[in-house]
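First up is the structure itself, then whatever we jot down about it.
The values are calculated or read from the model by the stated rules, or taken from the named source; none is laboratory data. No experiment lies behind these values; they were computed from the predicted model shown. Neighbour counts run over all protein chains shown; Cβ positions are idealised from the backbone, glycine included. Accessible surface is based on the protein model in full, side chains and every heavy atom, while ligands, DNA and RNA are left aside. Shrake-Rupley method; radii C 1.70, N 1.55, O 1.52, S 1.80 Å.
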Amino acid sequence: MRCFRQGLLAGVFLGFGLAALPLSAAAQGDPAAVEAPAAPVSPALPAAPEAPPAPVIASTGDPVLDKAIADARASLPHFWEHASKFPGQAHWHIVKIGLPSTEGGNENVWIYTTEKQGDDLKGVIVTQPESLVGGLRKGGKIEFKESDVIDWSYDEDGLRRGEFTKRAEFADLTPAEIAEALDYEAIHPTPVP
């Protein structure tokens, strides 16, 4: 489903709703499912942090969204060129990747890049994830590949460039509704100058 008129115009952003969390068998009252207590962790030896999960890249099954992702990837050279003009201001330039969700599938998160070495990227998660594998949160550091990027965005004169996946949500809208949505979302009429 690509048409999000009601949520879009009401200001509801996809991916940030509340999710129902499944209860464990023990929490549902099954006495046979009581879990063994966790082994204590020595204060002298803190538990090692889990490695960040690998990004998930797959066809969405939606040709409009798949094209938006392909267009975003194809225009990454423009994004990196623009970002290079603003050293030390990585928070103005963000990329989106999909990471494994504890609820299955993937959850898309925005990241500002702090380092780029060829295809290797390091960054900080900008959006608050709901259910990432490994418990990654907003402000968490992550390493990923440029090939994992599914979208990008930066601010230009108060409007966002890029935002290909957000634009894909507008595919079923009329031209007037698209103009209203772009204005509401502060997205530039064209993704790339």
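Working carefully through the options A168, A72, find the one that is touching a Leu at 6+ places or on another chain (Cβ under 7 Å), within 22 Å of A186 (Cα to Cα) and surrounded by 21 or more Cβ atoms within 10 Å (Cβ to Cβ). Spell out the reasoning first.
On the way: A72 fails: touching a Leu at 6+ places or on another chain (Cβ under 7 Å).
From the options A168, A72, the qualifying one is A168.
I'm trying to understand the selection: among the residues of region 136-193, which are β-branched (V, I, T) and farther than 15 Å from N108 by Cα? Full working, then the answer.
As a first pass, look at region 136-193 and keep what is β-branched (V, I, T): 142, 149-150, 165, 174, 178, 187, 190, 192.
Listed by number, the residues that qualify are T174, I178, I187, T190, V192.
Give region 77-115 a look and list any residue that's part of a helix (DSSP H, G or I) and without any contact (Cβ under 8 Å) to a residue 40 or more places away in the chain, or say none. Spell out the reasoning first.
Filtering region 77-115 down to residues part of a helix (DSSP H, G or I) leaves 77-84, 90-92.
Hits for region 77-115 are P77, W80, E81, S84, A90, H91.
For E130, state whether it is outside any helix (DSSP H, G or I), within 24 Å of G88 (Cα to Cα), of a type in the set (D, E) and open to solvent by 50 Å² or more (accessible area, probe 1.4 Å). Break it down into steps so the answer makes sense when it comes.
Numbers: outside any helix (DSSP H, G or I): yes; within 24 Å of G88 (Cα to Cα): no; of a type in the set (D, E): yes; open to solvent by 50 Å² or more (accessible area, probe 1.4 Å): yes.
No, not satisfied.
How many residues does region 128-160 contain that are within 18 Å of S75 (Cβ to Cβ) and in contact (Cβ under 8 Å) with a residue 40 or more places away in the chain? Before you say what the answer is, go through the steps one by one.
Just the residues of region 128-160 that are within 18 Å of S75 (Cβ to Cβ), to begin with: 145-156, 159-160.
Adding the requirement that they be in contact (Cβ under 8 Å) with a residue 40 or more places away in the chain leaves 145-155.
Summing the residues that are within 18 Å of S75 (Cβ to Cβ) and in contact (Cβ under 8 Å) with a residue 40 or more places away in the chain in region 128-160 gives 11.
Do we have any residue at all in region 112-124 that's out of contact with any strand residue (DSSP E or B) (no Cβ under 7 Å at 6 or more places or on another chain) and surrounded by 15 or more Cβ atoms within 10 Å (Cβ to Cβ)? Write out each step before concluding.
Step one: of region 112-124, the residues out of contact with any strand residue (DSSP E or B) (no Cβ under 7 Å at 6 or more places or on another chain) are 116-118.
Still in the running and surrounded by 15 or more Cβ atoms within 10 Å (Cβ to Cβ): 116.
Scanning region 112-124, I find at least one residue that is out of contact with any strand residue (DSSP E or B) (no Cβ under 7 Å at 6 or more places or on another chain) and surrounded by 15 or more Cβ atoms within 10 Å (Cβ to Cβ), so the answer is yes.
Of the conditions (1) open to solvent by 50 Å² or more (accessible area, probe 1.4 Å); (2) assigned to a loop (DSSP other than H, G, I, E, B), E180 fails just one. Which one is it?
Failed condition: (2).
In region 75-101, how many residues are over 19 Å from A168 (Cβ atoms) and surrounded by fewer than 17 Cβ atoms within 10 Å (Cβ to Cβ)? Even if it seems obvious, please write down each step before you answer.
Of all residues in region 75-101, those over 19 Å from A168 (Cβ atoms) come to 77, 80-93, 99-101.
The next check asks that each one be surrounded by fewer than 17 Cβ atoms within 10 Å (Cβ to Cβ); those that pass are 77, 80-81, 84-89, 91-92.
Of the residues in that region, 11 qualify.
When you scan region 145-160, do you find a residue that is hydrophobic (A, V, I, L, M, F, W, C), more than 23 Å from K67 (Cβ to Cβ) and at pLDDT 90 or above, even just one?
Looking only at region 145-160, we keep the residues that are hydrophobic (A, V, I, L, M, F, W, C), and these are 149-150, 152, 159.
Imposing the further condition that a residue be more than 23 Å from K67 (Cβ to Cβ) reduces the set to none.
No, region 145-160 contains no residue that is hydrophobic (A, V, I, L, M, F, W, C), more than 23 Å from K67 (Cβ to Cβ) and at pLDDT 90 or above.
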